[in-house]
Amino acid sequence: MPAAAVVGFLQQSWFPVIEEAINQLPPEGEIRSQRLNWRGDSPVSLAENRFLAITVDLNHSGGVRSPAHVQVEFGRTDVKILSLLGSMETRYPPGWRIAFSRAELAPWWGAWGPPILAIAASCVLLWLMLSWALLASLYSGPAWLIGFFANRELNLRGSWLLAGAALMPGAVFFTMAILLYSFGALDLVRLAIAAGVHIIVGWVYAVAGVISSSRQQGIAAGKKNPFDDTGITKRDS
């Protein structure tokens, strides 16, 4: 479910902007020797919506600033990513020749767009599996301790399984947050808050699962009670 939400968001919110930006590129252009060979106006906005903006500003002059949640700005020697959470600059890779023209990128994007979505879905699924196993292992220790002091029948394996199940409500909550963000009901800051809250939801359900589990039986059936003064055990007739 989370992977489908992420892929749906990329397909509906980011991919149309990327396609439109490619269609706005000049007929010729490339990134070679860590420099952008740009033959159009600068600064200029290629495409944007409320989620993503793609611009060209060779000198990063700040002449084009977008209210989009994420802005990708191509400069003369590097690319700059700006968002509500801050900014990051990365130089173009040395020794690479990267197409930056409509004639080359349009057919490339048409061929690789669907595979990129499939790769994104696979990466999200792999990340979910790894993070789920890691968080379940992290939660299982405290869950076992709580069960031990609360006199619950819960071993380490049972604690790990319980912790894994406790993560599911948080995952559903965060999936709904991604969908609301896609529909414009949440902004990027509230989405980040939801990411933190879904971790807390996992802890709440883990503790609740431990408390609601079966209590340990102090005396096994058919065994002598050491606190029985008579010393007589009960037998089945």
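The values are calculated or read from the model by the stated rules, or taken from the named source; none is laboratory data. Just so you know, these numbers come straight off a predicted model, no measurement behind them. A quick note on method: Cβ atoms are made from the backbone with ideal geometry, for glycine too, and the neighbour counts reach across all protein chains shown.
List of remarks:
- With respect to (1) in a strand (DSSP E or B); (2) of a type in the set (G, A, S); (3) at pLDDT below 95, the lone exception for S42 is condition (1).
- Any chance L191 is of a type in the set (A, V, I, L, M, F, W, C) and either in a helix (DSSP H, G or I) or modelled with pLDDT of 90 or more (or both): yes
- Here L105 clears all of (1) outside the structural domain of D187 (by TED's automatic domain parsing); (2) in contact with a helix residue (DSSP H, G or I) (Cβ under 7 Å, 6 or more places away or on another chain); (3) under 27 Å from V189 (Cα atoms) except the condition numbered (3).
- Residue within the range 151-172 that is outside the structural domain of L85 (by TED's automatic domain parsing), under 25 Å from L84 (Cβ atoms) and touching a residue at least 40 places away in the same chain (Cβ under 8 Å) present: yes
- Candidates L52, L10, L58 - the one that is among the hydrophobic types (A, V, I, L, M, F, W, C), farther than 26 Å from F173 by Cα and surrounded by 14 or more Cβ atoms within 10 Å (Cβ to Cβ): L58
- Selected residue (only one of F100, F148 is at pLDDT 90 or above, surrounded by 13 or more Cβ atoms within 10 Å (Cβ to Cβ) and in contact with a Leu (Cβ under 9 Å, 6 or more places away or on another chain)): F100
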